[in-house]
Amino acid sequence: MTEEQIKRVEIQGKRHYQVSKGGIILGTFPSVTSVLGETSDKSGLDEWRQKVGEAEADRISKLSMNRGTVMHRLIELYKPLTGSKDEKLESIKWHLRNDREIKSFDEEYILQGFEFFMKFYTNSEQFFDRVEQVLAAEKFLWSVKGGGYAGTVDNVSLLSDRGVTVIDYKNSRKPKNEAWIQDYFIQASAYTIAFWERTGIRPKGIEIWIANEKEAIPQIFSLTESDIKFYFKQFQKRLVQYKLLH
């Protein structure tokens, strides 16, 4: 069976993905992050940047992005490992020193990414131990029926206490309030629908796992199937708005 070919393209400076199969282009889709980034209310972000200054805002944003990438990579590496919890940690420490993707970052980002990973590891019973089977990790998805969009989901797993669940990992400077992270819910809902469309497997819920600088235990925000329907409708409205802008 011919595999789909994915090509990243820029359209009006925004990230899109061209999907083809057997030399036939199936579609060119905006990324979920482009859609949400272009249609979000940036007034709060602009106020924050003015308050702390452009240089400090850029430093914090770069720190969050880079340590988040390291944290994501460590979680991705941890899940397939076998052996005891301590043996898995030793393997992670080896990858920390030898993984090509991780080694591409400065030491500051590597150390903080590891620190954030350890918040999940230390509290494994609430996080990793609930995972019975990983169905997808860093999987590229796209949807035609949902309006035409694409993106990469962090993880889809069978959890012991709630079935097939889309999991999104985040890092933060401070604990999050649900009202502040509505776009996280919208983003994960878009991935949920695309995963269902691509695989025929319907996730039963979503969990957003957020490690922050202030607390030892990461936060978990959970969405039900009815929540997913609500937030996916919000995404479709934003997708229409995005396409009108472009």
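The values are calculated or read from the model by the stated rules, or taken from the named source; none is laboratory data. Since the structure is predicted, the reported quantities are computational estimates derived from the model, not experimental observations. Cβ atoms come from the backbone with ideal geometry, glycine included; neighbour counts cover every protein chain shown. When the accessible area is computed, the model is the full protein with side chains, heavy atoms only, and any ligands, DNA or RNA have been set aside. Shrake-Rupley method; radii C 1.70, N 1.55, O 1.52, S 1.80 Å.
Quick notes
- For beta carbons closer than 9 Å, sequence separation of 6+ or different chains, a first residue in the range 1-23 that is over 15 Å from Arg198 (Cα atoms) and part of a strand (DSSP E or B) and a second that is of a type in the set (Asp, Glu) and open to solvent by 80 Å² or more (accessible area, probe 1.4 Å), the qualifying pairs are His16/Glu10.
- Evaluating Lys85 against the criteria (1) under 30 Å from Tyr149 (Cα atoms); (2) touching a helix residue (DSSP H, G or I) at 6+ places or on another chain (Cβ under 8 Å); (3) open to solvent by 70 Å² or more (accessible area, probe 1.4 Å) leaves one unmet condition, (1).
- When Gly37 is tested against (1) within 30 Å of Thr122 (Cα to Cα); (2) part of a helix (DSSP H, G or I), only condition (1) is not met.
- Whether a residue is under 25 Å from Ala194 (Cα atoms), part of a helix (DSSP H, G or I) and in contact (Cβ under 8 Å) with a residue 60 or more places away in the chain was assessed, and Gly68 passes this test.
- The range 122-142, subset under 18 Å from the mean Cα position of the chain (by Cα) and under 24 Å from Arg173 (Cβ atoms), residue least open to solvent (accessible area, probe 1.4 Å): Phe127
- Glu207 being part of a loop (DSSP other than H, G, I, E, B) and among the acidic types (Asp, Glu): no
- Filter pass, Arg238 being at pLDDT below 95, open to solvent by 20 Å² or more (accessible area, probe 1.4 Å) and farther than 23 Å from Val131 by Cβ: no
- Verdict on Glu54 being farther than 22 Å from Thr152 by Cβ, out of contact with any Gly (no Cβ under 6 Å at 6 or more places or on another chain) and open to solvent by 70 Å² or more (accessible area, probe 1.4 Å): yes
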